[in-house]
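I have placed the structure first, in the form of structure tokens, so that the comments after it can refer back to it.
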Protein chains: 2
Amino acid sequence: MTYAIAEAAHQSGLSIDTLRYYERIELIDPPARDSGGRRAYSDDDLAWLNFLTKLRTTGMPIRLMREYAKLRHQGLATATRRKQILVEHRKDVLDRIADLQTCLEVLNYKITNYEQIERDLAGVAGYEEATA
Amino acid sequence: MTYAIAEAAHQSGLSIDTLRYYERIELIDPPARDSGGRRAYSDDDLAWLNFLTKLRTTGMPIRLMREYAKLRHQGLATATRRKQILVEHRKDVLDRIADLQTCLEVLNYKITNYEQIERDLAGVAGYEEATA
DNA sequence: AGTTGACCTGGAGTGCACTCCAGCTTCTAC
DNA sequence: GTAGAAGCTGGAGTGCACTCCAGGTCAACT
């Protein structure tokens, strides 16, 4: 099964331009081409894209994704380094989640404040209505 | 109590250049100046900076932070809109955390795979040693 | 009085990750 | 056999959030 670039874009959630861009910067291998010279993405290509988007979503810089992609081509010998990259990245992601949760508390606190303000303002309005 | 820009940078975790940049784009009010024309940040300034960094950490675009900053100057009347911004942003943050957690599972899965590969490689090495 | 170091301004430069464009080819449907 | 959609290439442009720089001022210490 192969997929035209529009379909690959749709499946991966990336834009067509981004797919070609990723190819240019060697994040992905040049996919096969059909008889007319158009890109024909394989299921494997999509699986790799899918994994890449996971790394992107979690904020891995493209530079590091490229290193990972390069290592992949060098086979099993690089498994340790690849694992190391992922383990380090996992730590980054966990830290990031913790950061977000801390910020969330601040956000909650602020929102609660605004709710109190709204109640106060409504109280004044109610009072004004009652005494009008 | 006031703070020189270097101290404010240190306290907020932003760079001196970023503080001046935030001032230029009207994210923060111009702080007071000392007799020599140097910025003298107040505790309130620092508190606001601190909140801004929370918004930044959670990925709020500067454009939106500016809107929020602007509303703040217009007093209580804008409380509802400000709350709305924070509530919407909180949703973004929650979504983002959920995304990260999904990606984390993929990362964990991959890492587990690499660990299996390492064990397999170690097994072969052990076998080779034993039969050498 | 001179040196050092922090700070000042306006403006230019940077890095990242796309995103868009012009001009061309190729397939599909009528 | 022609119109329109989809894809191609190389290269330029964009938006964001800083970051750096030159050339100057000011205060404190020696």
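Read the figures in this text as sums done on the coordinates, not as results from a lab. What you see is a predicted model; the values in this text were computed from it and never measured. Using ideal geometry, Cβ is built from the backbone for each residue, glycine included, and neighbour counts are taken over all protein chains shown.
Remarks
- Once the chain from A:Glu129 to A:Arg38 is taken as fully extended at 0.36 nm per residue, the excess over their C-alpha distance is 25.7 nm.
- Burial ordering of A:Ser15, B:Ser12, A:Ser42, fewest other beta-carbon atoms within 10 Å first: A:Ser15, A:Ser42, B:Ser12
- Ranked from shortest, the separations from the 7 Å Cα-to-Cβ label point of B:Lys91 to its equivalents in the other copies are 3.7 nm.
- Teacher prompt: B:Glu23 distances to equivalent labels in other copies, 7 Å Cα→Cβ, nm: 5.0
- Relative to one another, the C-alpha centroids of region A:6-42 and region A:48-127 are positioned 27 Å apart.
- Cβ-vector label at 7 Å, A:Thr112, separations to other copies in nm: 3.8
- A Förster radius of 41 Å, combined with the Cβ-Cβ distance separating B:His73 from B:Asp99, puts the computed FRET efficiency at roughly 0.75.
- Extent along the principal axes, Cα only, for the protein assembly as shown: 90, 44, 34 Å, with the longest axis given first.
- Alpha-carbon radius of gyration plus Dmax, which is the widest Cα pair, for chain B in Å: 24.6, 82
- Share of pairwise Cα-Cα distances greater than 13 Å in region B:1-57 is 56 percent (whole percent).
- Per residue of B:48-56, other chain Cβ atoms within 10 Å of the residue Cβ number 2 on average.
- Each label was represented as a point 7 Å from its Cα along the Cα-to-Cβ direction; for A:Thr53 and B:Glu23 these points are 4.4 nm apart.
- The rotation axis that maps chain B onto chain A passes nearest to the beta carbon of this chain B residue, listed with its distance in whole angstrom: B:Ile97, 3.
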